[in-house]
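Read the figures in this text as sums done on the coordinates, not as results from a lab. Bear in mind that the values here come from a model prediction, so they are computed numbers and not experimental data. Here the Cβ is made from the backbone with ideal geometry for all residues, glycine too, and neighbour counts use every protein chain on show.
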Amino acid sequence: MKINAYTALSTIDLVNTKTDAKKASSKGVTAAEPVSIDSTSKAAQIMQKYDLHNISYSEVTNMAMDLQKAGAIPGGNLLDYLPPPEGQFKMQNGTLVSDNHGKGDFIKALDDHLAYVEKNQASDFSTLFQVRRMVNFYHNLDSLGSGRQT
């Protein structure tokens, strides 16, 4: 067993997902979710289409859905990796929609959000863990797309 310094949670390095997740759970620790080489390759191809430093929220949601279909979202739970939209909201045809359709630096916004959570919600370990996990996920995706064609 080793301690993951980033999450401050005990983890076990495991290979067999189903069996080892049960082992980890029975010992009160979490098992890191493996990501296949195939899904990493698909994620890299998807990320060539996106610039996380100049992207709209709509594009982020489309990208996340593409990544989920490719099996690149850890655990397959899309909602864990979709940050809430920013800006003003209005009702349109019975649906709540954001007025913010512009592009921005998504990575900077996530980093700013993490800094806010670390400063103001440091005792809420669940929120802090989730935000850190999401920020790391998008930083990793950003590095996959760093060789994109412009």
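Observations on the structure shown:
- 3J(HN,Hα) along the stretch 66-74, derived from phi through the Karplus expression 6.51 cos²θ - 1.76 cosθ + 1.60 where θ = phi - 60°, amounts to 4, 5, 5, 4, 7, x, 9, 8, x Hz, with x in place of Gly and Pro.
- Across the cross-link table entries K42/K108; K42/K119; K69/K119, which are compared at the Cα atoms, the separations over 31 Å belong to K42/K119; K69/K119.
- S41/D80 FRET efficiency (R0 25 Å; Cβ-Cβ; nearest 0.05): 0.65
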